[in-house]
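Engineer: Below is a structure I'd like to ask you about.
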Amino acid sequence: MNATPVLVGYTAVVGLVAPHLILRARWPHRAPALAAAVWQALTVAFSIGAALTAYHLALPAEHLHAGVLGLLHSCGLNIGAGSPDPAIAHRLAVVLPGSVGVALAGSFFFHVVRARLTRARHREAVDLVGRRSARLSATVLPYDVPAAYCLPGRHPRVVISDAAVRELTTEQLTAVLEHEQAHISGRHHLALAAAEAFHSVFRRLPLARHTREQTALLLEMIADDRALRGHSDEALATAMYEMAAARTPKGAFAAGGHTVLIRLKRVLGPRKAPHPAVWAAVAAAAVAVPMLPLLVACPPGLG
C-alpha cells in the first residue's frame, strides 16, 4: 500500500480540521491540563506526519516518478543525466524529514534562550528596584496599580506591586501568589516555548496559530485551578478583576492580562469536570494521534 496519500490526508486533517473541532468543543475549559496536552499532541502528530510524508515522497520506489526527485526530473530540473538517481532520492529521503525536526528543535531552542535572556534582564531590574518579602515569598515593586506576575526559569521570581499588597485582602493576595507559583512549579514557560516554536515553523497553519493562543489561555486556567484548591472563587475572581488593567512584561505570566474576561466567566460559573469516559477517551486519543502516522508508514508485520 502506498502510504503517501494516507499520510498527506492525515496531516491535513490534523493541521486544518482538528483545531476547529477542539475550538467548538465544551470540554477543554473544563479540563485545561488535558486540553493543553491535546494541543501539544496535535503539533507532535503534525510534525511526524509532515516528516514522514516528505520521507515517502523522496524515497525511491518501483516508479520513481511518484516521488519528489521524479517530479523535479519531469519538470526539467535534472539532477544528473538520464533518469532519476536512486542514490540522490535516498539522500533526499533523509534530508527532507530531517529538516523538519531540525527546524522545530532550532526554533524551540531559540525561543527558550530568547525568553530566558529577556527574563534575566527584567529580573535584574526587579531585584534593584523592588524589595524582597520573606512573608510573601515574592518581590514587591513600587507600582500604584495592583499587579502580580512571575518570571519562571532557573532563578524564578514572583513579583507583586505594593498597590496589590495594600488593596487586596489576605485571601485574595494568597490566591494570586499561588496562581503565580503554579506557573513556576509547572514549568509552563517550556510548554509556551514549544507552542511558539511550532508557530514559527508553520506560521500559516491554523493548528499553529490556535495552539499558540489556546496554550497561553489554558496555562492560565491551570494556574487558576491551582489557586482555587485552597481559596474561594470570589477571592480569586476579585483579585483578577483588580489586576485586569496591569501591564505584563514580556516573558512573564500574570494573574491579570487580556484573558481575564474569559477566565472570570469560568471561575465564577459552574465548573463541572468532564465525564470520566470523555476524559479517558480524549486522553487515549492524545496518546494515539501522534502514533498513527508511524503505524501507517511502518505497519506491523511488514519487513
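The values are calculated or read from the model by the stated rules, or taken from the named source; none is laboratory data. Since the model is a prediction, treat every value here as computed from it, not as a measurement. All Cβ positions, glycine included, derive from the backbone under ideal geometry; neighbour counts span all protein chains shown.
Engineer: Take the stretch 1-37 and flag every residue that is among the hydrophobic types (A, V, I, L, M, F, W, C), within 19 Å of residue 201 (Cα to Cα) and touching a residue at least 24 places away in the same chain (Cβ under 8 Å).
Structural biologist: Listed by number, the residues that qualify are 8, 14, 16, 18.
Engineer: Considering each residue of the stretch 222-236, count those that are closer than 25 Å to residue 163 by Cβ and assigned to a helix (DSSP H, G or I), and give that number. Write out each step before concluding.
Structural biologist: Step one: of the stretch 222-236, the residues closer than 25 Å to residue 163 by Cβ are 223-224, 226-228, 230-236.
From what's left, assigned to a helix (DSSP H, G or I): 223-224, 226-228, 233-236.
Matching residues across the stretch 222-236 total 9.
Engineer: It is to be established whether one or more residues within the stretch 240-259 are surrounded by 21 or more Cβ atoms within 10 Å (Cβ to Cβ) and more than 18 Å from residue 159 (Cβ to Cβ).
Structural biologist: no
Engineer: Do the conditions hold for residue 196, that is, is it in a helix (DSSP H, G or I), surrounded by fewer than 21 Cβ atoms within 10 Å (Cβ to Cβ) and among the acidic types (Asp, Glu)? Walk me through it before giving the result.
Structural biologist: Numbers: in a helix (DSSP H, G or I): yes; surrounded by fewer than 21 Cβ atoms within 10 Å (Cβ to Cβ): no; among the acidic types (Asp, Glu): yes.
The answer is no for residue 196.
Engineer: Just to be sure I understand the filter: pairs with C-beta atoms under 7 Å, separated by 6 or more residues or on different chains, first member in the stretch 238-256 and at pLDDT 80 or above, second member β-branched (Val, Ile, Thr) and buried (at least 24 other Cβ atoms within 10 Å of the Cβ). Which pairs pass?
Structural biologist: 239/176
Engineer: May I pose another question? Answer yes or no: is there a residue in the stretch 163-172 that is under 28 Å from the mean Cα position of the chain (by Cα) and surrounded by fewer than 21 Cβ atoms within 10 Å (Cβ to Cβ). Reasoning before the result, please.
Structural biologist: Residues of the stretch 163-172 under 28 Å from the mean Cα position of the chain (by Cα): none.
Checking the stretch 163-172: not a single residue is under 28 Å from the mean Cα position of the chain (by Cα) and surrounded by fewer than 21 Cβ atoms within 10 Å (Cβ to Cβ).
Engineer: Filter the stretch 124-155 down to the residues that are closer than 28 Å to residue 169 by Cβ and of a type in the set (Lys, Arg) and list them by number. Working first, answer last.
Structural biologist: In the first step, residues of the stretch 124-155 are kept if they are closer than 28 Å to residue 169 by Cβ; the result is 126-127, 129-152.
If the condition is that a residue be closer than 28 Å to residue 169 by Cβ and of a type in the set (Lys, Arg), then 131, 132, 135 are the ones that fit.
Engineer: For the stretch 152-162, which residues satisfy the criterion of being at pLDDT 95 or above and either assigned to a helix (DSSP H, G or I) or more than 21 Å from residue 129 (Cα to Cα) (or both)?
Structural biologist: None - no residue of the stretch 152-162 is at pLDDT 95 or above and either assigned to a helix (DSSP H, G or I) or more than 21 Å from residue 129 (Cα to Cα) (or both), so the list stays empty.
Engineer: Only one residue in 288, 208 is of a type in the set (Gly, Ala, Ser), part of a helix (DSSP H, G or I), free of Cβ contacts under 8 Å to residues at least 24 places away in the same chain and within 27 Å of residue 26 (Cβ to Cβ), so which one is that?
Structural biologist: On the way: 208 fails: free of Cβ contacts under 8 Å to residues at least 24 places away in the same chain.
Answer to the check: 288.
Engineer: Regarding the stretch 16-24, can at least one residue be identified that is out of contact with any strand residue (DSSP E or B) (no Cβ under 7 Å at 6 or more places or on another chain) and closer than 22 Å to residue 223 by Cα? Lay out the reasoning, then the answer.
Structural biologist: As a first pass, look at the stretch 16-24 and keep what is out of contact with any strand residue (DSSP E or B) (no Cβ under 7 Å at 6 or more places or on another chain): 16-24.
If we keep only those that are closer than 22 Å to residue 223 by Cα too, we end up with 22-23.
Checked against the condition, which is being out of contact with any strand residue (DSSP E or B) (no Cβ under 7 Å at 6 or more places or on another chain) and closer than 22 Å to residue 223 by Cα, the stretch 16-24 yields at least one hit.
Engineer: Related question: Go through the stretch 130-146 and give me each residue that's closer than 18 Å to residue 242 by Cβ and either surrounded by 12 or more Cβ atoms within 10 Å (Cβ to Cβ) or touching a Cys at 6+ places or on another chain (Cβ under 7 Å) (or both). Even if it seems obvious, please write down each step before you answer.
Structural biologist: Step one: of the stretch 130-146, the residues closer than 18 Å to residue 242 by Cβ are 136, 138, 140-146.
Within the stretch 130-146, 136, 138, 140, 141, 143, 145, 146 meet the criteria.
Engineer: Any chance you could count how many residues in the stretch 179-205 are free of Cβ contacts under 8 Å to residues at least 12 places away in the same chain and in contact with a helix residue (DSSP H, G or I) (Cβ under 9 Å, 6 or more places away or on another chain)?
Structural biologist: Within the stretch 179-205, the subset free of Cβ contacts under 8 Å to residues at least 12 places away in the same chain is 185, 203-204.
From what is left, the residues that are in contact with a helix residue (DSSP H, G or I) (Cβ under 9 Å, 6 or more places away or on another chain) are 185, 203.
Here the count works out to 2.
Engineer: Moving to a separate point now. Within the stretch 133-152, which residues are hydroxyl-bearing (Ser, Thr, Tyr) and over 13 Å from residue 248 (Cβ atoms)?
Structural biologist: To start, the set of residues in the stretch 133-152 that are hydroxyl-bearing (Ser, Thr, Tyr) comprises 133, 137, 139, 143, 149.
133, 137, 139 - these are the residues of the stretch 133-152 that are hydroxyl-bearing (Ser, Thr, Tyr) and over 13 Å from residue 248 (Cβ atoms).
Engineer: Could you tell me whether residue 190 is out of contact with any strand residue (DSSP E or B) (no Cβ under 6 Å at 6 or more places or on another chain) and either more than 30 Å from residue 51 (Cβ to Cβ) or crowded, with 19+ Cβ neighbours inside 10 Å (or both)? Please lay out each step first, then the result.
Structural biologist: Numbers: out of contact with any strand residue (DSSP E or B) (no Cβ under 6 Å at 6 or more places or on another chain): yes; either more than 30 Å from residue 51 (Cβ to Cβ) or crowded, with 19+ Cβ neighbours inside 10 Å (or both): no.
Spelling it out, it is not the case that residue 190 is out of contact with any strand residue (DSSP E or B) (no Cβ under 6 Å at 6 or more places or on another chain) and either more than 30 Å from residue 51 (Cβ to Cβ) or crowded, with 19+ Cβ neighbours inside 10 Å (or both).
Engineer: Just to be sure, is residue 239 assigned to a helix (DSSP H, G or I), in contact with a helix residue (DSSP H, G or I) (Cβ under 8 Å, 6 or more places away or on another chain) and farther than 23 Å from residue 147 by Cβ? Steps first, answer last, please.
Structural biologist: On the way: assigned to a helix (DSSP H, G or I): yes; in contact with a helix residue (DSSP H, G or I) (Cβ under 8 Å, 6 or more places away or on another chain): yes; farther than 23 Å from residue 147 by Cβ: no.
So residue 239 does not fit the description; no.
Engineer: Of the residues 281, 273, 277, 237, which single one is aliphatic (A, V, I, L, M), surrounded by fewer than 19 Cβ atoms within 10 Å (Cβ to Cβ) and more than 23 Å from the chain's Cα centre (by Cα)?
Structural biologist: Details: 281 fails: more than 23 Å from the chain's Cα centre (by Cα); 273 fails: more than 23 Å from the chain's Cα centre (by Cα); 237 fails: surrounded by fewer than 19 Cβ atoms within 10 Å (Cβ to Cβ).
Among 281, 273, 277, 237, only 277 is aliphatic (A, V, I, L, M), surrounded by fewer than 19 Cβ atoms within 10 Å (Cβ to Cβ) and more than 23 Å from the chain's Cα centre (by Cα).
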